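**Q** Okay, here's the structure, questions in a sec.
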Amino acid sequence: MYGMIAARMDRWQAMRVFVKVAETESFAAAGRQMHMSPPAVTRIVSSLEAVIGTRLLTRTTRSVKLTEAGARYFGDCQRLLTGLEEADAAAAGAYGKPTGTLTVTASVMFGTMFVLPIMTEYLDLYPEVTGRGLFVDRVVNIVDEGIDVAVRIGHLSDSGFTATRVGQIKRVICGSPAYFEKHGIPTVPNDLARHQIVASTSAWTSLEWRFGGAGKAAVRVNPRLFCNTNEAAIAAAARGWGLTRVLSYQIAPQLESGELQTVLSDYDEEALPIHVVHPDGRYASAKVRSFIDFAVGKLRANPHFS
Amino acid sequence: MRRLACLLLAESALTKDLITPVMLIQIELAIASTRGDRDSLDLLEIDAKRMALTAAEIDAAKRGASFDAITNIAIKFALADYADDAAEITAAKKKLAAFGVAALAPRLHAFVQGLKLPTSI
């Protein structure tokens, strides 16, 4: 009985080796990636061909190519191996204990203000998980950069990833009460021409400020101060120097304290959704599942997003 | 004279636009909160959420404030007017004037009077 199971395990392993050879078109490269010697790789593939009773690969001195039967078998093996991995992951995710490294990405400010506190609280609950926060203002490739969970702001492209909506935010124009007392309040977008503007030059900012509402206007602003971070632009606005445009969450503490106030709220653009995204679907590992459950609950409870 | 009339007409149109349903519901939330009127607050919160106000904005209104600069001072004026607090009314009117929206005051006053509960039936 054990021998039969072992034989089946060998068959899975042989299929993995064959798939790797087909992908790399090299016995040596496949061996390197699978930590095996080239003769061992060759022997396994030959055994597989013997069991199946047909040639899967054409070997030349310079390359390895799939035969017609090999190409069909390659596709079937890929499907079977993916299914096997998914079944293993699903079982581990459903019943397993969260362990390993959890990599979470978000934009710099959102990550620092909202994701980091959730991560630290989560890590306290699950001591066998190590956290890695990747907070950057650029689009991170979830698969290439090995991301487990991403928090995305804005409308999602059709990626095939699993996304859970946790709230929404708006782009807002803000200034300090002292600034408004000195310079008045803009009541229509075109009023911005006579105000001092601070602009952030970090990612996703434009000098053409678009507005929603009935008119759906767009106003090109002429900032007198450019800052390379949102934090600096917000600090300048809070000092009463001028108006800046940011995402509402970025000034949540200053709005609560009254240090900053928003203007032109009737011209707000359509709100931007916030999603928690992960690439593993229902086959997510225990650490990913538990973190998503935890983070979704916390983010949805935030009064600035709901 | 004609120029002054044009300016007044323009300000009247402007203030009409500035008093929006979103501003009015925040004023209603603030006044209902000072009254401790739980039933009204529940209904107003549902309407406020329909208008896409966040929970934080609703909480601020219930504390008598707004994240929006004009709505914030409009709420201060409305609360003072509702309480017939002459000193606070004067202070809020000064602020409205400083922000360039003095003409909001009479319109807000009319709205607040409509919210006052009748003293006798």
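What follows is calculated from the coordinates using simple rules that are stated; it is not laboratory data. Note that the structure is a prediction, hence the values are computed from the model and not measured. A quick note on method: Cβ atoms are made from the backbone with ideal geometry, for glycine too, and the neighbour counts reach across all protein chains shown.
**Q** If I model a spin label as a point 7 Å beyond the Cα along the Cα-Cβ vector, how far apart are those points for A:Lys97 and A:Arg224 in nm?
**A** 6.2
**Q** Quick query: amide H of A:Ser200 versus all other amide H atoms, modeled in the peptide plane; which residues come in under 5 Å with a sequence gap of 5 or more or a different chain?
**A** A:Cys227, A:Arg245
**Q** Explain nothing, just the number: dipole magnitude of region A:2-95 about its Cα centre with +1 on each Lys and Arg Cβ and -1 on each Asp and Glu Cβ, in debye rounded to the nearest 20.
**A** Charge dipole of region A:2-95: 360 debye, to the nearest 20.
**Q** Further question on the same structure: Mind putting a number on the dipole of the protein assembly as shown about its Cα centre? Charges go on the C-beta only, +1 for Lys and Arg and -1 for Asp and Glu, and I need it in Debye to the nearest 20.
**A** Around 980 debye, computed over the protein assembly as shown.
**Q** Additional query: Find, among the GluC sites (Glu not before Pro) in region A:212-301, those assigned to loop by DSSP (not H, G, I, E, B) with at most 10 other beta-carbon atoms within 10 angstrom.
**A** Loop-located and lightly packed - none at all.
**Q** Using the C-alpha atoms of region A:171-267, what convex hull volume per residue, in cubic angstrom, is computed?
**A** For region A:171-267, the hull spanned by Cα atoms encloses 86 Å³ per residue.
**Q** Moving to a separate point now. Radius of gyration and Dmax for region A:2-95's Cα atoms, expressed in Å?
**A** So, for region A:2-95, Rg and Dmax equal 14.0, 48 Å respectively.
**Q** For the protein assembly as shown, divide the Cα radius of gyration by the Kirkwood radius and give the resulting Rg/Rh value with two decimals.
**A** Checking Rg against Rh, the ratio lands at 1.18.
**Q** To the nearest 0.05, how large is the calculated FRET efficiency for A:Thr58 and A:Glu23 if R₀ is 22 Å and r is the Cβ-Cβ distance?
**A** It comes out at approximately 0.90.
**Q** Something else: With each pseudo-label sitting 7 Å past Cα toward Cβ, what's the A:Ser306-B:Ala91 distance in nm, one decimal?
**A** 3.3
**Q** Using DSSP to call loops (not H, G, I, E or B), can you name the GluC sites (Glu not before Pro) in region A:118-199 whose Cβ has at most 16 other Cβ atoms within 10 angstrom?
**A** Passing sites in region A:118-199 are A:Glu128, A:Glu145.
**Q** Now a separate question. Taking a label point 7 Å from the Cα of A:Val108 along the Cα→Cβ vector, which residues of region A:249-271 have an amide N closer than 16 Å to it?
**A** Within reach of a label on A:Val108: A:250-251.
**Q** Name the residues whose placed amide hydrogens come within less than 5 Å of the amide hydrogen of A:Ala217, ignoring near sequence neighbours (fewer than 5 apart) on the same chain.
**A** Answer set, sorted by chain and number: A:Phe211.
**Q** Explain nothing, just the number: dipole magnitude of region B:20-115 about its Cα centre with +1 on each Lys and Arg Cβ and -1 on each Asp and Glu Cβ, in debye rounded to the nearest 20.
**A** The calculation lands at about 300 debye.
**Q** Straight-line reach from B:Lys94: which aspartates and glutamates fall under 15 Å, measuring Cα to Cα and dropping same-chain residues less than 8 apart?
**A** A:Glu181, B:Asp81, B:Asp85
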